[in-house]
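Trainee: The structure's right below; bear with me while I get my questions together.
Read-outs: derived from the displayed coordinates by stated rules, not from any lab. Note that the structure is a prediction, hence the values are computed from the model and not measured. In this analysis, Cβ positions are derived from the backbone assuming ideal geometry, glycine residues included, and neighbour counts consider all displayed protein chains.
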Amino acid sequence: MKNKKSQEGLTFKKENFSEWYSQLITKAEVTDLRYSVKGFVVIRPWGAMAIENMYKLYEEELQKKGHKPTFFPTLIPEKNFKKEATHVKGFSPDVFWLEKIKGEDKLALRPTSETAMYQMYSLWIRSHRDLPLKIYQRANVFRYETKATRPLIRAREFYWIEAHDCFTTEKEAHAQVQEDIQTTEKIMHQKFGIPFLAMKRPQWDKFAGAEYTIGSDVLMPDGKIIQQPSTHFLGQHFSKAFNVKFKNQNGKQEYVWQTCYGPAISRILASVVSMHGDDKGLIIPFCISPIQIIIIPIFSKDNKNKILKETIKIKIKIESLGLKTEIDASEKRPGEKYHEWELKGVPFRLEIGEKELKEKKLTLFTRDSGEKEKIAISKLSQLKKLGEDFDKRLKTKADNFMKGKIADCKTKQELKNTIKNKKIARVNFCSTDKTGEKCAEIIEKEIGAEIRGTLANKKEKSTGRCIICNKPAKEIVYVGKSY
Ligand SMILES: [Zn+2]
């Protein structure tokens, strides 16, 4: 019975984004939402395999850039947590505390790991020769979200990477923030096909304990913004709180300069699902799809053995190219199989029947275009290139979706309309330091939108007046609705 139900396909179209999203991640077996603890979902093998592949690409890139992996405990003692005043103030409402055991420290489930890792950094770092220290871990973190949760998008537990780096100079730490933005560009945009705006957050919206924060804002198909990887310049706030010092070349003690970077892989999967999927189901980028090519043998009772034998040969051939492939030899009708693998978003499908074997040409179906063509068995090595082209098309389509999504607004009414039309507004704004917070609150209250920040890598000169208070505008900011 269960199979029959999952084969019904999607009954919601993407234009009904919210219903479509929940139905899609359920029917495509990415998640199971029936765990029945608010904000916690089960990620099923199909989702977990995609996440594994995403981790792999991300970690390879971090390691290429000099990071080393580590694993830290999930629990953080309260006394560590309290060491950096701004951090504890910002994160306290989000923390899951464990029930205190008599005679032991009160413990928190990590919401992020600065206060776990930096106490060890103070033991590991002695001299300038120990720097830079660039370490990351893949971990699940826990945050007590009070707002409405949404699977993978806003969850109380998520799967991420956190990189925590230390340097001898302030300059190197600023450069690391830039490197982190480049890592987001290289992996999330170039590989996963998710365009983003790198935004320097206003002072009131930075990471608790940072001097500044740069977030990657991704516009989802429903017009809401989701924050993807963010990178933080921590200055010396934490190194002073945790006594992370080094002896410089002149033998003098100095505090290290720090940065941290956090791509939430499970949340990036939400953007991948939302950005690329269509009315028929998921479309997973070739570079992260658990199966890149699904092979469907088409046989009758009479030729089953013969066809399967040839199919296995083809599978071995494709595997030798380093590609991920499976044969669906189940008892279902070919049509049912097509439907199921389209729902799951596998980039390519190869059909192999009597006719195909005779012609030595297989039928190749491409998920995003829906086109069918022939590919000679002798030319299967082309699949690699076709996979790269597949990912390029997804990226181009997503980039095109972003085009025209940013609108200049001069009045509050224009701002209102822009947000209503599921776009991002670009407006003159008094200031992104503390003095501008009042105007930001007005925008939040009256329009239900947020100041996301200023462009991180381009100084845009403002000449006009603040859209809210009419004072001379120091900044051009971007405004959007967020989850
Ligand atoms: Zn203002």
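Trainee: What number, in percent, do you get for the relative contact order of region 271-341 if the mean sequence gap of Cα pairs under 8 Å and at least 6 apart is divided by its residue count?
Mentor: On the way: 56 pairs, mean separation 22.3, N = 71.
It comes to 31 percent, rounded to a whole number.
Trainee: Just to confirm the filter: which trypsin sites (Lys or Arg not before Pro) across region 1-92 are DSSP coil and have at most 12 other Cβ within 10 angstrom of their Cβ? Present the calculation step by step, with values, prior to reporting the outcome.
Mentor: Details: sites: Lys2, Lys4, Lys5, Lys13, Lys14, Lys27, Arg34, Lys38, Lys56, Lys64, Lys65, Lys79, Lys82, Lys83, Lys89; in loops: Lys13, Lys14, Lys38, Lys65, Lys82, Lys83.
Passing sites in region 1-92 are Lys13, Lys38.
Trainee: Ok, one more. For region 292-392, what is the percent of antiparallel DSSP beta bridges, rounded to the nearest 5?
Mentor: Counting DSSP beta bridges with both partners in region 292-392, the antiparallel share is about 55 percent.
Trainee: Here's another thing I want to ask about it. Given the -39500 (n - 2.57) contribution per DSSP H run of 4+ residues, what per-residue ellipticity at 222 nm results for the chain, rounded to the nearest 500 deg cm²/dmol?
Mentor: Working: 15 runs with 163 residues, N = 483.
So the helix-based figure for the chain works out to -10000 deg cm²/dmol.
Trainee: Now for a separate question. Apply 1/(1 + (r/R0)^6) to the Cβ-Cβ distance of Phe96 and Lys355, taking R0 = 35 Å, and write down the FRET efficiency to the nearest 0.05. Walk me through the intermediate numbers first.
Mentor: Working: r = 59 Å, r/R0 = 1.69.
The pair Phe96/Lys355 has a calculated efficiency of 0.05.
Trainee: Quick one: in the chain, what % of C-alpha pairs are over 38 Å apart?
Mentor: On the way: 39668 of 116403 pairs.
Roughly 34 percent, once rounded to a whole number.
Trainee: So what is the relative contact order of region 315-381, in percent, for Cα pairs below 8 Å that sit 6 or more residues apart? Intermediate values should be presented prior to the final figure.
Mentor: Numbers: 60 pairs, mean separation 16.3, N = 67.
Reported relative contact order: 24 percent.
Trainee: Next question. Which angle between 0 and 90 degrees, to the nearest 10, do you get for helix 17-27 versus the longest principal axis of the chain when only C-alpha atoms count?
Mentor: 60
Trainee: Moving on to the next point. For the chain, give the share of DSSP beta bridges that are antiparallel, in percent and rounded to the nearest 5; count only bridges with both residues there.
Mentor: Details: 66 of 82 bridges.
Taking every DSSP beta bridge within the chain, about 80 percent pair in antiparallel fashion.
Trainee: Still on this structure, please answer the following. I need to check one value: relative contact order of the chain, counting alpha carbon pairs closer than 8 Å and at least 6 residues apart, in percent.
Mentor: 14
Trainee: Taking just the C-alpha trace of region 29-97, give me its Rg and Dmax in Å.
Mentor: 17.0, 42
Trainee: Now a separate question. At q = 0.27 Å⁻¹, what base-10 log of I(q)/I(0) does the Debye formula yield for region 399-439 when every alpha carbon is treated as an equal point scatterer in vacuo?
Mentor: -0.90
Trainee: Which order do the peptides 46-52, 128-134, 344-350 come out in when sorted by mean C-beta neighbours inside 10 angstrom, highest first? Intermediate results must be reported in sequence, preceding the final value.
Mentor: Details: 46-52: 19.6, 128-134: 16.7, 344-350: 24.3.
Order by mean packing, descending: 344-350, 46-52, 128-134.
Trainee: What distance in nm separates the two pseudo spin-label positions at Ala85 and Arg44, each 7 Å out from Cα along the beta-carbon direction?
Mentor: 5.1
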